[in-house]
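Here the structure comes first, spelled out in structure tokens, and everything after it is commentary.
The values are calculated or read from the model by the stated rules, or taken from the named source; none is laboratory data. Quick caveat: nothing in here was measured; it's all calculated off a predicted structure. Backbone-built Cβ (ideal geometry, glycine too); neighbour counts: all protein chains shown. Keep in mind that these areas ignore ligands, DNA and RNA; they rest on the heavy atoms of the full protein, side chains included. Shrake-Rupley method; radii C 1.70, N 1.55, O 1.52, S 1.80 Å.
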Amino acid sequence: MMFVCALMLLLLIGGSAALPRRTDALSPRRTDALPPRTDALLPRRTDALPTRTDALSPRRTDAPPPTRYTADWSSLDARPLPSWYDEAKFGIFVHWGVFSVPGFGSEWFWWHWQGLQPPDPRCVRFMTDNYPPGFRYPDFAPQFRAQFFDPKDWADVFQASGAKYVVFTAKHHEGFTNWGSPESWNWNSVDNGPHRDLVGDLGKAVRNRSLHYGLYNSLYEWFNPLYLSDKKNGFKTQEFVLHKLLPELHDMVMRYKPDLIWSDGDWEAPDTYWNSTEFLAWLYNDSPVKDKIVTNDRWGVGCYCKHGGYYNCADKYTPGELPKHKWEKCTSVDLLSWGYRRNMKMVELMDLPAIVEDLVHTVAMGGNYLLNVGPTPDGTLPPLFEERLRGVGAWLEVNGEAIYSSSPWRVQRQNKTDTVWFTAKGPTIYAFLTAKPTKALLTLYDPKTSQNTKVTLLGDPTPLKWAPIGPGAGLLVLLPELPFVPGQAWTLRLDGVL
């Protein structure tokens, strides 16, 4: 009966506010390179002299000493996550390397062809049909030319997508580095293939557009002899870690000063083998990025969803309930691969509405959304990938205020079957409609209204008519004709609600 009365009242008054009611319930080629460090990156020097200070500006004695983190998980896990990351919400992932040349299967092509036992017959047949006998995987590297790679063009697309950070593959499991690593002689993008510093070139373009720049790095390398020797020894030796991995990581940080390190390829060995805690302690205490660096949770067996900065947990991780720790969902426009595939089909790609819904779901549950694209070996972004990214950006241009710097609300989804998701920013609540309602009257069950409640549709400042549906909570909203948007999602802004 109350519902009928409320509806009659709504239609009679034709106003935009409800009547008052009670609210009290409410490489070796480089001659200038330093020799590789082999001391396991024990950077926390205790014999260092204090930093000189301006003689005219005495050092304050009442300021607390800076926090120093020890090389153990209880200390490292206590480090606060730099605020820029949670505020950003949306990033672009880029998988690019020698694997882009065969462009078949996925970025795991080399492993599936020559590492997996028995090998994937599709990969074996692909090589037999298309390449001469004796062709080796390293022979693909000279064909990774990147001749059309324009980092400014890429950065323009990433900026247009609405993303606030970019994570680029510095080194995948194949071991090829997209920069001139002294520890990866002739198996890097300066000595081979493109003959240019891909990491540095893209980083400069991305940062010129005020985007944060992160680097993906695989800890292990499928066929590196030092790694295979350590593995054969049950990871009781650390030749690969001391002479390849850690010097390379240190050099990467010092050269490019990334805002984020996206670690991967850790699952075959414990963090003690990788010297993960020692590296992170140096990164957080003494590196040039100690105050801004963000890391994930892939630092050794047992670290997923448990240790590190934010949690990835697993590729395409989608929690069923609100996590207690900051997390990120990484996913790919190509549903079957992170790297470029020459034989990908339209039906194997996420369409724009699916991407937008996935983004909304992730942010409503407190996560960041990292969307991957795989460029071609000649350095272009496939047009369909660019179309998806620009489509997300067009949607965020209207709805971004409900995404960026938002927080999960006390209710993340209206119910388990509805297509209404919520976020909050200060006193404002946002309700996302990820499917067009079939009726003009929308019921929101959880917001608690007041006499100051105001409802608007993002993109249109005109207040919408509404009425309460009960003494405790809930309201009916009279929706206008929703405009067509390619993302097929709309956002209501609710002010004056609890």
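Quick check: anything in the stretch 140-147 open to solvent by 30 Å² or more (accessible area, probe 1.4 Å), charged (D, E, K, R), under 24 Å from MET344 (Cβ atoms) and part of a helix (DSSP H, G or I)? Looking through the stretch 140-147, none of the residues is open to solvent by 30 Å² or more (accessible area, probe 1.4 Å), charged (D, E, K, R), under 24 Å from MET344 (Cβ atoms) and part of a helix (DSSP H, G or I).
Out of the residues in the stretch 67-108 meeting the condition of being assigned to a loop (DSSP other than H, G, I, E, B), touching a Lys or Arg at 6+ places or on another chain (Cβ under 8 Å) and of a type in the set (D, E, K, R), tell me which one is nearest to GLY393 (Cα to Cα). Step by step, filter the stretch 67-108, then rank; the result is LYS89. Would you point out the residue of the stretch 211-242, among those that are in contact with a Phe, Trp or Tyr (Cβ under 8 Å, 6 or more places away or on another chain) and part of a helix (DSSP H, G or I), that is surrounded by the fewest Cβ atoms within 10 Å (Cβ to Cβ)? Among those that are in contact with a Phe, Trp or Tyr (Cβ under 8 Å, 6 or more places away or on another chain) and part of a helix (DSSP H, G or I), it is SER229. In the stretch 475-498, the residues that are farther than 21 Å from VAL356 by Cα form Cβ pairs under 8 Å with partners that are among the acidic types (Asp, Glu), at six or more places apart or across chains, as follows: PRO480/ASP460.
Is at least one residue of the stretch 441-456 within 29 Å of TYR165 (Cβ to Cβ) and in a loop (DSSP other than H, G, I, E, B)? Scanning the stretch 441-456 turns up no residue that is within 29 Å of TYR165 (Cβ to Cβ) and in a loop (DSSP other than H, G, I, E, B). Scanning for something in contact with a His (Cβ under 6 Å, 6 or more places away or on another chain), crowded, with 24+ Cβ neighbours inside 10 Å and outside any loop (DSSP other than H, G, I, E, B), does the stretch 154-172 turn up at least one residue? Yes: the stretch 154-172 contains one or more residues that are in contact with a His (Cβ under 6 Å, 6 or more places away or on another chain), crowded, with 24+ Cβ neighbours inside 10 Å and outside any loop (DSSP other than H, G, I, E, B). For the stretch 131-176, the set of residues classified as among the small types (Gly, Ala, Ser), more than 16 Å from the chain's Cα centre (by Cα) and more than 22 Å from ILE261 (Cβ to Cβ) consists of GLY134, ALA141, ALA146, ALA160, listed by residue number. Check off (1) small (Gly, Ala, Ser); (2) more than 21 Å from PHE168 (Cα to Cα); (3) modelled with pLDDT of 95 or more for GLY320 and give me the number that stays unchecked. Against the list (1) small (Gly, Ala, Ser); (2) more than 21 Å from PHE168 (Cα to Cα); (3) modelled with pLDDT of 95 or more, GLY320 comes up short only on (3). For the stretch 297-317, the criterion of a residue being among the charged types (D, E, K, R), farther than 18 Å from ILE92 by Cα and surrounded by 15 or more Cβ atoms within 10 Å (Cβ to Cβ) is satisfied by at least one position.
Taking the criterion of being open to solvent by less than 30 Å² (accessible area, probe 1.4 Å), among the hydroxyl-bearing types (Ser, Thr, Tyr) and under 25 Å from THR417 (Cα atoms), the residues of the stretch 443-469 that qualify are THR449, THR456.
Tell me yes or no: at least one residue of the stretch 84-94 is aliphatic (A, V, I, L, M), touching a strand residue (DSSP E or B) at 6+ places or on another chain (Cβ under 9 Å) and open to solvent by 20 Å² or more (accessible area, probe 1.4 Å).
No, the stretch 84-94 has no match at all.
Would you call LEU349 among the aliphatic types (A, V, I, L, M), over 15 Å from the mean Cα position of the chain (by Cα) and open to solvent by 30 Å² or more (accessible area, probe 1.4 Å)? No.
If you go through the stretch 269-292 one residue at a time, do you hit one that is open to solvent by 40 Å² or more (accessible area, probe 1.4 Å) and in contact with a Leu (Cβ under 8 Å, 6 or more places away or on another chain)?
At the first step, the residues of the stretch 269-292 found to be open to solvent by 40 Å² or more (accessible area, probe 1.4 Å) are 270, 272, 278, 286, 288, 290-292.
Narrowing the set further to residues that are in contact with a Leu (Cβ under 8 Å, 6 or more places away or on another chain) leaves 278, 290.
Yes, some residue in the stretch 269-292 is open to solvent by 40 Å² or more (accessible area, probe 1.4 Å) and in contact with a Leu (Cβ under 8 Å, 6 or more places away or on another chain).
Taking the stated definitions as given, is PRO471 in a loop (DSSP other than H, G, I, E, B), over 27 Å from ASN372 (Cα atoms) and at pLDDT 95 or above? If you could, list the steps in order and put the result at the bottom.
Working: in a loop (DSSP other than H, G, I, E, B): yes; over 27 Å from ASN372 (Cα atoms): yes; at pLDDT 95 or above: no.
No; evaluated as a whole, the condition is false for this residue.
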